[in-house]
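The values are calculated or read from the model by the stated rules, or taken from the named source; none is laboratory data. Because the structure is a prediction, the values reported are computed rather than measured. Positions of Cβ are generated from backbone atoms using ideal geometry, with glycine treated the same way; all protein chains shown enter the neighbour counts. Side chains are part of the model used for accessible areas, which takes the heavy atoms of the whole protein and leaves out ligands, DNA and RNA. Shrake-Rupley method; radii C 1.70, N 1.55, O 1.52, S 1.80 Å.
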Amino acid sequence: MKSFEYVITDPVGIHARPAGIMVKEIKNLIGTTVTIAKGEKSANALRLMAVMQLGIKQGDTVKVTVEGGDEAAAAATLEKFFKEHF
Amino acid sequence: MITIQGKGVSTGVAAGPLYFYRRAKGTITRFTVEDRDAEWQRFKDAQAKAIEQLGELAEKARVEAGDEAAMLFETHQMMAEDLDYEETIQGLIMDEGQNAEAVVTDVGAQFADMFATMDDEYMKARAADVKDVSGRIVGILLGVVQGGIDSDVPVVLASDDLAPSETVQLDKSKILGFVTSGGSGSSHTAILARTMGIPAIIGVGDQLKEEYEGREVIIDGGTGIVAVDPDEDTRVHLMKKREEQLKRLALLNQLKGQPNETKDGQKIKIFCNIGDPSDVAAVLENDGGGVGLFRSEFLYLNCDDYPTEDYQFEAYKKVLSDLNGKEVVIRTLDIGADKQIAYFDMPKEENPALGNRALRICLNRPEIFRTQLRALFRASAFGKLGIMFPMVTSVWEVKEAKKMCDQVRAELDAEGIAYSDDVEIGIMIETPAAAVISDRLAQIVDFFSIGTNDLTQYTLACDRQNNDLGRFFNAHHPAVLRLIKLVTENAHKHGAWVGICGELGADLELTETFLSIGLDELSVSPRSVLPLRQKVRETTVSEVRERLMNDLMSDANTI
C-alpha cells in the first residue's frame, strides 16, 4: 500500500470534468484499487459521484491511497495527475 | 384574453401558437417484472444508448459552442455509467423486481438529492445533471422522441425549465420565444434565448396551464407579459412594439462598430448607465463604449446588513472583467433622499434632498466608505476603473475623499494586494455649488460627470416628482444648460474630461447643443446608445454651434 497527501489548489475543488478524467486514468491501472479520503470520509476513486460527494474544495488536504498492482508507478502517475488537474 | 405576468430575461416580442415541450416526465408507471434478467438487460441497453447519444451531443456542442459546452455532456456520460448509480439500479431491479423506468427515476432523484443538499454551490448545481441523465435513460426506456418539438410551424415554447441537454437538442428554427414556469435569469433557457436574440419569460409559475396548448400568444420579453388569446388592443400595441424592435435591430446592425463621430469629425464617447452587474449584457449588446455610471447602491439595497468588502469586490471585479478593458466608472454609495436603507439607521430628516446623503454619509461614517474604497481598488486590477463621488459641494470634501483613497492604497501596499495605478478619480456635478466652483474642482480630479436630474432639481428648486410643478420644471432651462457649458469649459481648462450621466444625455433634442458645448462623453441607458449614435452621425457641429451657443448665452428675454 502506498499513499500521498495533496492540497487542492483548483478554485472549484475536485469538480466533475477532471474527476471523470481521473476515473478513466484509474481504469488503466490494472489491479490497483485507489481510495481518496478527505478527513474521515473516503471513496473509491473509480466511483465518480461518490468522489464528487466528498465535497473536496480548494485548500482541502486529500489522502490518496493505492493498493495492489504496481503501486509505486500508480502512485507516481496519480500524484502527477493531481498536480496537473486539481 | 388571459394575461400572465412573469419575469422577462430576454427582450423582444414574439407571437405564435403556444406549445408545451414534450418530455417523458410524469408518464412512468410502476410494476413488478417477471423476468428480472431481461429487465436488467433493458436498462443496460438504454444506458448504452444514452451514452451513445451523449457522445453525439458532446460533438454537436463542441462544434456549436466549443469545448466548454462539450464537457457538460462528457460529464453526463460518466454519470450515466457511474458504478454507484448503476449498482443501486441493479439492486432494485434484480433483488426487488421493480421495472427499469421506475427504478431509474427514483435512483436519479435520490442521487440528485445527495448533490442538492451539499454545502457547495457548484455541487448543488450538479443535481440538475443527474436528473438530466436519468431523464434521458427513462426517455429511451419509454421510447420517447428526443428533441421536444413535434410541430410544423414555429411556436412559442412553454415548459417548466429546460435542462441543458434539452436546449442543445432543440430545433432552433421552430422556436419564436420561451415561457417557463420556473427558472432563473442565468438558467440555460435564458442564456440560450439571449444568444438566439429571441424573447424569454421565466417564473410564470402555475399561471401557465397546459390547456392553453395551441392557442395564440404574444409574449413581451421586456415587460415579462404573456398574453394568451390577445385582444385587438394588445395585439396592435405589442405588434407595434415588435416593429420598433425590429427597426432597432436593423439600426444596430447598421451602426454597430461605427464611431460616434459627427459629419465634420467631432467625436464623443457614448457610455452606459447600469445598476447591476447583470446589466453588462445590455451594454455589450448595444455596443456601449464603456460604463459611465455604475450605481453601487444595489449592493447595499440587496443586503440586510452592510455588504462586506469581499462581496463588493466580487461584484466590481465581475463588471470590470466583463467589460474587458473598457472604462467602468463606479459611483460610490449614493443613498439618502429618496433612497433609504433600514440598517443605515438614519434619523428622519425634514428635508432629505438637502440632508445627509451620498458623499456626506461616506465622510461622516468613514468605516463604511473605507470598505467600499478597498473593494474598488482591489477590483481595479481587473480592468479600467474610474471612481466617482456623488453630491459634492466643496473642495474640502473631495480632498478628504481623495485622502481616504490614499490611505486605502497605502493599506493595500502594506498587505501586498495588487491594484491598478491608473484609477481615475472623478466627481458628480449635481449641485449648483459644484458647477459654479468647477474651475477649482477640476484641478483636483480626473473627470466630471454631470448628474442632470439632481442638477436641474437643485438649480430650479423644483421637485420633479411633484406633478403640480409641471410648467415650472423645465429640463431644457437655460440656467441648467449654461451651467453645463461652464462646467465643460472649466474641466477642459484644467485637463479633466467631462460627461453627462443624467437622463438629459439621451435627449436627442439636445444632442447638437451638447456637441456644440464640447462634452467628451454621454452616459445613457444601454438602449439609448444607438439612437444617440445615429443622431451624432447626422450632425454637422460647425453648422449649428454658433447659433446654438448664441441663443444659449444671449440676453434676449424670450424664455
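Only protein heavy atoms count here, probed at 1.4 Å, and on that basis chains B and A bury about 1700 Å² of accessible area in total. Would region B:229-320 count as rounded, prolate or oblate if I go by the C-alpha gyration tensor, calling it rounded below 1.5 in a/c and otherwise prolate when a/b exceeds b/c, oblate otherwise? Oblate is the answer for region B:229-320, as a/c is 1.5 or above yet b/c matches or exceeds a/b.
Measuring nothing but how far apart in sequence close Cα pairs (under 8 Å, 6+ apart) lie, relative to its length, region B:260-553 scores a relative contact order of 22 percent.
Accessible surface for chain A, divided over its residues, is 48 Å² per residue with a 1.4 Å probe.
Estimated at 0.36 nm per residue, the fully extended path between residue B:354 and residue B:324 surpasses their Cα-Cα distance by 7.0 nm.
Kindly express, to the nearest 10 degrees and within the range 0 to 90, the angle between helix B:395-415's C-alpha long axis and the longest C-alpha principal axis of chain B. Once rounded, the angle reads 40 degrees.
Give me the angle, in degrees from 0 to 90, between the Cα long axis of helix B:478-493 and the longest principal axis of the Cα atoms of chain B, rounded to the nearest 10. It is inclined by approximately 90 degrees. The chymotrypsin sites (Phe, Trp or Tyr not before Pro) found in region B:25-83 that occupy coil by DSSP, while having at most 12 further C-beta atoms within 10 Å, are B:31. The residues of region B:260-553 present an accessible area of 43 Å² per residue when probed at 1.4 Å with all protein chains retained.
Excluding same-chain neighbours fewer than eight residues apart, the aspartates and glutamates reachable from residue A:38 by a Cα-Cα span under 13 Å are A:5, A:60. For region B:443-544, trypsin sites (Lys or Arg not before Pro) are listed when DSSP marks them as loop and at most 16 other Cβ atoms sit within 10 Å of their Cβ; the list is B:464. Take the solvent-accessible surface of the protein heavy atoms, probe 1.4 Å, and return the percent of it on region B:260-553 that carbon and sulfur atoms account for. Of the solvent-accessible surface of region B:260-553, carbon and sulfur hold 47 percent. Per residue of peptide B:67-75, the mean number of Cβ atoms on other chains within 10 Å of the residue Cβ is 2. Only beta bridges with both residues in the protein assembly as shown are counted; by DSSP, about 45 percent of them are antiparallel. Distance from the C-alpha centroid of region B:19-85 to that of region B:226-273: 43 Å, rounded to the whole angstrom. Separation of region B:314-356 from region A:61-83 is 52 Å, based on Cα centroids. Using a ≥ b ≥ c from the Cα gyration tensor of chain B (square roots of the eigenvalues), is it rounded, prolate or oblate, where a/c under 1.5 gives rounded and otherwise the larger of a/b and b/c decides, a/b for prolate? Since a/c reaches 1.5 and a/b is larger than b/c, the shape of chain B is classed as prolate.
Measuring with a 1.4 Å probe in the full set of protein chains, what accessible area per residue, in whole Å², belongs to region B:36-142? About 42 Å² of surface per residue is accessible. In this structure, the amide hydrogen of residue B:419, modeled 1.01 Å from its nitrogen in the peptide plane, lies closer than 5 angstrom to no residue at least 5 positions away or on a different chain.
Peptide A:18-31 is shielded by partner chain Cβ atoms: per residue, an average of 1 of them sit within 10 Å of its Cβ. Partner shielding of B:76-88 amounts to 4, given as the average count of beta-carbon atoms from other chains within 10 Å of each residue beta-carbon.
Determine the shape class of region B:36-142: with a ≥ b ≥ c the square roots of the Cα gyration tensor eigenvalues, call it rounded for a/c under 1.5, and otherwise prolate if a/b is greater than b/c, oblate otherwise. Cα axes put region B:36-142 in the oblate bin. To test your reading of the geometry: what angle, between 0 and 90 degrees and rounded to tens, separates the Cα axis of helix A:16-27 from the longest principal axis of chain A? So the inclination is approximately 10 degrees. Estimated purely from DSSP H runs of n ≥ 4, each contributing -39500 (n - 2.57), the mean residue ellipticity at 222 nm for the protein assembly as shown is -14500 deg cm²/dmol once divided by its residues.
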